[in-house]
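FYI, it's all coordinate maths here, none of it is from the lab. Keep in mind it's a predicted model, so treat the numbers as computed, not measured. Every residue, glycine as well, gets a Cβ built from its backbone with ideal geometry; the counts of neighbours run over all protein chains shown.
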């Protein structure tokens with residue numbers, strides 16, 4: 001008994017959305033990579049002047065790459081195991097995958113006050129980061145649980 005889908009069978013809408021969102025995160029990561037590359041070769045250019053904190057821009061780039069990778073992997077695993085993920089799992093994964101790196105991107109583009117002690121961390125960062133970290137964790141753990149459950153069921157059917 002095999003659990004392989006017909007390659008011509010359409011993907012579920014939730015899985016297709018997950019795949020499309022993975023593509024969006026990858027496109028954003030590539031755009032950031034181009035900006036970082038251009039500003040590396042033209043450090044005195046206008047574009048380089050917009051990057052307040054290069055390290056945070058690099059964090060956003062790496063984070064978008066990782067999120068795209070995870071979303072692609074989950075999409076493939078859902079298809080492999082014929083899982084139609086609940087909308088809330090896909091929504092949590094996609095929301096977290098977009099806003100988690102965005103928090104770093106906004107930090108890297110936001111001018112800092114001249115007096116560091118006068119204003120604490122940007123007001124948006126703790127809330128946005130906390131919400132996106134939580135949704136990413138919940139969404140990714142739920143996705144992993146769905147895949148492990150499907151793989152376990154398939155294993156017990158084969159035995």
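Kindly express, to the nearest 10 degrees and within the range 0 to 90, the angle between helix 13-41's C-alpha long axis and the longest C-alpha principal axis of the chain. So the helix axis and the longest Cα principal axis differ by about 30 degrees. Entry note, the chain: relative contact order of 30 percent, from Cα contacts under 8 Å with a spacing of 6+ residues. Of all the options 38, 28, 73, the one that moves most in a Gaussian network model of the chain with Cα springs shorter than 10 angstrom is 38. Among 95, 78, a tally of other beta-carbon atoms within 10 Å of each Cβ gives an order, fewest to most, of 95, 78. Roughly how tilted is helix 54-80, in degrees to the nearest 10 and between 0 and 90, from the longest Cα axis of the chain? Compared with the principal axis, the helix lies near 10 degrees. Quick one: go through segment 135-150 and flag any residue whose amide nitrogen is under 18 Å from the point 7 Å out along the Cα-to-Cβ line of residue 88. Residues 135-147 qualify, since their backbone N sits under 18 Å from the label point. Once mean projected area of the Cα convex hull in nm² is calculated for the structure shown, the corresponding label among (1) 9.0; (2) 12.4; (3) 11.8 turns out to be (3).
Going from the residue with the fewest nearby Cβ atoms within 10 Å to the one with the most, 158, 107 rank 158, 107. If you plug the beta carbon distance of residue 66 and residue 44 into 1/(1 + (r/R0)^6) with R0 = 22 Å, you get a FRET efficiency near 0.10.
For the chain, the longest principal axis of the Cα atoms and the long axis of helix 124-158 meet at an angle of about 20 degrees.
Helical content alone sets the calculated 222 nm signal of the chain at -26500 deg cm²/dmol, taking -39,500 (n - 2.57) per DSSP H segment of four or more residues and averaging over every residue.
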